[in-house]
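These notes concern the structure reproduced below.
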Amino acid sequence: MNSVSRGKVWLVGAGPGDPDLLTVKALRLIQQAEVILHDRLVSDAILGLANPEAEMLYAGKTQGQQEEVQEFIFRMLIDYAKSGKRVVRLKGGDPLVFGRGAEEWERMLEAGVEVEVVPGISSSVAVPGIAGVPVTYRGVADGFAVITGHLRHEGQEVDWGKYARVDTLVILMGVATRVAIASELIRHGRPAAQPVAFVERGSTERERVVVATLGEVAAGIVEVANPAVFVAGEVVRVREKLLAAATQAILA
Ligand SMILES: C[S@@+](CC[C@H](N)C(=O)[O-])C[C@H]1O[C@@H](n2cnc3c(N)ncnc32)[C@H](O)[C@@H]1O
C-alpha cells in the first residue's frame with residue numbers, strides 16, 4: 001500500500017476457510033489493514049493473520065437483524081475510510097458472490113469512498129471441488145448454476161423450474177431449506193434418485209461430506225449442519241470414482 005491508497009476500503013474475499021486458500025493480495029492487505037470488518041464465515045485462522053494492532057469489527061448477520069447490521073456496516077466502512085484508515089472488508093469466499101458485496105461497493109462510491117475489489121476463491125466451486133465433486137465433468141455436466149437457498153426474494157417465491165434443467169446445481173445457504181428445495185426440484189422434473197452432496201465446513205479440519213439422493217433430502221431424512229454447500233447432479237458420482245482411484249493408488 002502506498003500513500004495514494006490511504007483512506008480506502010478493500011472489499012476482500014477470504015476464500016472458503018483454509019488460510020492457504022487466501023490470495024497473496026488478500027494476505028498482504030489483511031496484514032496491513034488498520035481496520036478489519038469481517039463476516040461470520042471468515043475463519044479464526046485467517047483473522048489471526050491480522051496485525052495485532054488492527055481494530056477487528058465483527059459484522060455477522062443474525063436472522064431478523066440483517067438490515068440493521070447492514071446499515072452498521074455501511075456506516076463503519078464510510079466513517080473509518082473517511083478518517084483516513086486502511087479498511088479491509090473481509091468476506092467469506094468471493095466478496096461478490098452473495099453476501100451483498102456489490103451493495104457495499106455501491107454505497108461506498110455514493111459516499112465518495114475509494115474501493116478496490118480483491119476476488120476470493122468462492123466456496124461455490126472450491127468446496128465441492130476439494131471434496132471430489134467437480135462442478136463440471138466431460139460427458140456428465142456441461143454447466144452449473146450457483147443459487148441461493150432462500151425460498152423467497154423480495155417477497156417473490158423462487159421459481160425452481162428455472163434451475164431444474166441445469167446439469168449441476170450448487171446451492172449456497174440452502175441447509176435450512178433443503179427439504180423444500182429438493183421437493184421443488186423433483187416436482188420440476190429432476191429424478192428423485194439423482195445424487196446430491198452436502199459439503200460442510202469445506203477446506204477446514206472439520207470438513208464433512210454427506211452423500212444422498214434428492215428423494216432422501218425431500219423426505220427429510222438427511223442430517224446436515226451449517227455452513228454447507230449443497231450440490232445436486234450426476235457429478236456427485238465422480239467422487240466415488242476419485243475415492244476408488246485413491247484407494248487403488250494406496251493399495252498398489
Ligand atoms: C452468504 S453466502 C457467501 C458465499 C461466499 N461469498 C462465497 O463465495 O463462498 C454463505 C454460504 O456459503 C457457503 N459456504 C461458505 N463457506 C463455506 C465452507 N467453508 N463450507 C461450506 N459452505 C460454505 C454456505 O452455503 C453458506 O451458507
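The values are calculated or read from the model by the stated rules, or taken from the named source; none is laboratory data. Treat the numbers as computed from the prediction; the structure is a model and nothing was measured. Note that each Cβ is placed from the backbone with ideal geometry, even for glycine, and that neighbours are counted across all protein chains shown. We work out accessible area using only protein heavy atoms, side chains counted, and drop any ligands, DNA or RNA first. Shrake-Rupley method; radii C 1.70, N 1.55, O 1.52, S 1.80 Å.
The largest-to-smallest principal axis extents of the Cα set in region 124-243 are 40, 32, 25 Å.
Ligands, DNA and RNA left out, the 1.4 Å accessible surface of region 124-243 is 52% carbon and sulfur atoms. Placing a label point 7 Å from the Cα of Arg28 along the Cα-to-Cβ direction, the residues of region 70-114 whose backbone N falls under 17 Å from that point are 86-89. Spin-label model, Glu154/Glu234: points 7 Å from Cα along the beta carbon direction are separated by 3.6 nm. Classify region 3-121: rounded, prolate or oblate, from the alpha-carbon gyration tensor (a ≥ b ≥ c, eigenvalue square roots; a/c under 1.5 rounded; otherwise prolate if a/b is larger than b/c)? Rounded, because the longest to shortest axis ratio a/c is under 1.5.
Accessible surface computed residue by residue for region 124-243, with neighbouring protein chains in place and a 1.4 Å probe, gives 50 Å² per residue. Restricting attention to region 161-250, which GluC sites (Glu not before Pro) occupy a DSSP loop and are surrounded by at most 11 other Cβ atoms within 10 Å? Passing sites in region 161-250 are Glu205, Glu223. Eigenvalues of the alpha-carbon gyration tensor of region 25-94, scaled by 5 and square-rooted, set the equivalent ellipsoid semi-axes at 20, 16, 9 angstrom, largest first.
Put the Cα centre of region 129-207 next to the Cα centre of region 74-95 and the gap is 32 Å.
Three principal axis extents describe the C-alpha atoms of the chain; from largest down they are 57, 53, 29 Å.
Do you know the relative contact order of region 124-243, to the nearest whole percent, from alpha carbon pairs under 8 angstrom that are 6+ apart? With pairs under 8 Å counted, the relative contact order is 32 percent.
Computing FRET efficiency as 1/(1 + (r/R0)^6) for Ser83 and Glu53, where r is the C-beta to C-beta distance and R0 is 22 Å, gives about 0.90. Membrane-span-like helices in the chain (whole DSSP H runs, Cα extent of at least 20 Å along the helix axis, mean Kyte-Doolittle hydropathy of at least 0.5): 236-251.
Relative contact order of region 53-146: 19 percent, from C-alpha pairs under 8 Å at least 6 residues apart in sequence. Placing pseudo-labels 7 Å out from each Cα toward the beta carbon at Glu68 and Val140 gives an inter-label distance of 4.6 nm.
Could you provide, to the nearest whole Å², the per residue accessible area of region 1-97 with probe 1.4 Å? Please list the in-between numbers first.
Numbers: 4730 Å² over 97 residues.
For region 1-97, the solvent-accessible area averages 49 Å² per residue.
Relative contact order, whole percent, for the chain stands at 19, derived from Cα pairs under 8 Å and 6 or more residues apart.
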